[in-house]
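Engineer: Please see the structure below; I have some questions.
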């Protein structure tokens, strides 16, 4: 496991697309190798960060995160946007290693928590998260504004 490097952008794009396919959301996946290279490594202050897992010099897993902020805790939090391990490399401890590394990073950087979303039908992932001690935020629902709705609201008045 290591921090992602600029030369990993193609593999990052590949793994994100594999995750989107697994989640039945490939039709929403638009990020290209160039997009990931720019957003993770070339902008002056990247808003997202990544690490990769390798087995026999092959990238087989990805964790991509960014920081959010809790006004209640008045502390930053680490938000795990994507975690993906190729199916043939699951159950080797890679997912837990990602979470352990991210938990250490979060604490070292003064974050008060880690958060992520999981599709409600993804029972294997939910069971894994519970085994780590994570709790579901069942009283909350994620809201999203994007595309034409986002543009229309921004254009108002």
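Laboratory data are not the source of any read-out in this text; all were calculated from the coordinates shown. Bear in mind that the values here come from a model prediction, so they are computed numbers and not experimental data. All Cβ positions, even for glycine, are placed from backbone atoms using ideal geometry, and neighbour counts span all protein chains on display.
Engineer: I'm checking my understanding of the structure. Among residues of the stretch 78-122 that are under 13 Å from the mean Cα position of the chain (by Cα) and farther than 15 Å from residue 19 by Cβ, which one is surrounded by the fewest Cβ atoms within 10 Å (Cβ to Cβ)?
Structural biologist: If we take residues in the stretch 78-122 being under 13 Å from the mean Cα position of the chain (by Cα) and farther than 15 Å from residue 19 by Cβ, then 115 is surrounded by the fewest Cβ atoms within 10 Å (Cβ to Cβ).
Engineer: Scan the stretch 123-130 and tell me whether some residue there is under 19 Å from the mean Cα position of the chain (by Cα), without any contact (Cβ under 8 Å) to a residue 12 or more places away in the chain and on the phi > 0 side of the Ramachandran plot.
Structural biologist: No.
Engineer: With the requirement that a residue be surrounded by 18 or more Cβ atoms within 10 Å (Cβ to Cβ) and without any contact (Cβ under 8 Å) to a residue 60 or more places away in the chain, what does the stretch 5-21 give you?
Structural biologist: 8, 9, 11, 12, 13, 20
Engineer: Here are some conditions: (1) part of a loop (DSSP other than H, G, I, E, B); (2) closer than 22 Å to residue 110 by Cβ. Residue 44 meets all but one. Which one does it not meet?
Structural biologist: So residue 44 meets the others, but not (2).
Engineer: Then there's this: Inside the stretch 49-67, can you point out the residues that are farther than 14 Å from residue 105 by Cα, surrounded by fewer than 16 Cβ atoms within 10 Å (Cβ to Cβ) and within 18 Å of the chain's Cα centre (by Cα)?
Structural biologist: Within the stretch 49-67, 54 is the sole residue that qualifies.
Engineer: May I ask you to list pairs of residues, at least six apart or on different chains, whose Cβ atoms are under 7 Å apart, with the first in the stretch 98-109 being in contact (Cβ under 8 Å) with a residue 60 or more places away in the chain and the second being assigned to a helix (DSSP H, G or I)?
Structural biologist: The qualifying pairs do not exist here.
Engineer: Would you mind stating whether residue 30 is part of a loop (DSSP other than H, G, I, E, B) and closer than 21 Å to residue 119 by Cβ?
Structural biologist: yes
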